[in-house]
Amino acid sequence: MRMKIGIAFGLVLFAVIVFIIPFSFEPPGDTRLVADRTKKTYIAPPCFDEASPTNNLAEVDWTWVKESGYKPESSCTSEKLMTAKETLGEKFTQLLGLSKDPWAW
């Protein structure tokens, strides 16, 4: 009887951790961005149409941007790259390809 209660409690605790409690996730290091080398700024692809970049552009990743010291081109870019609050269940469905990652553009 005690073992069944312990197993039930463990399953409930597991479900709460996986499906209810949100965790913070940062963009993966390989998230694609556009760097404006003249202005020393970066642009998230969904924000490119409203940006005003120069012709000196390069495709870079999030790891490069963090190391370079470049600044976001606009508040749109800053918002797109904010830390996301997701449950482990949501993250698992993204890893399985059942839902989109917030930074999959």
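The values are calculated or read from the model by the stated rules, or taken from the named source; none is laboratory data. Not measured: the values here are computed from a predicted model. When we count neighbours, we look across all protein chains shown, and the Cβ atoms used for this are built from the backbone with ideal geometry, even at glycine.
Taking the stated definitions as given, is residue 93 of a type in the set (Val, Ile, Thr), surrounded by 11 or more Cβ atoms within 10 Å (Cβ to Cβ) and modelled with pLDDT of 95 or more? For residue 93, the condition - of a type in the set (Val, Ile, Thr), surrounded by 11 or more Cβ atoms within 10 Å (Cβ to Cβ) and modelled with pLDDT of 95 or more - is not met. Can you pull out every residue in region 1-25 that is more than 30 Å from residue 95 (Cβ to Cβ) and outside any loop (DSSP other than H, G, I, E, B)? Passing the criteria: 2, 3, 4, 5.
When region 58-87 is filtered for residues that are hydrophobic (A, V, I, L, M, F, W, C) and surrounded by 15 or more Cβ atoms within 10 Å (Cβ to Cβ), the ones remaining, listed by number, are 60, 62, 64, 65, 76, 81, 84. If you check 102, 28 for being surrounded by 15 or more Cβ atoms within 10 Å (Cβ to Cβ) and part of a loop (DSSP other than H, G, I, E, B), only one passes: 102. Scanning region 31-67 for residues that are part of a loop (DSSP other than H, G, I, E, B) and more than 12 Å from residue 80 (Cβ to Cβ) gives 37, 38, 39, 40, 52, 53, 54, 55, 56.
For region 1-30, a residue qualifies if it is small (Gly, Ala, Ser) and under 22 Å from residue 104 (Cβ atoms), and the qualifying residues are 24, 29. Within the set of pairs 6 or more residues apart or between chains, which connect a residue that is in a helix (DSSP H, G or I) inside region 83-94 to a residue that is of a type outside the set (Asp, Glu) with Cβ atoms less than 6 Å apart? Sorted first by the residue in region 83-94, then by its partner, the pairs are 88/18; 89/18; 89/19; 93/99.
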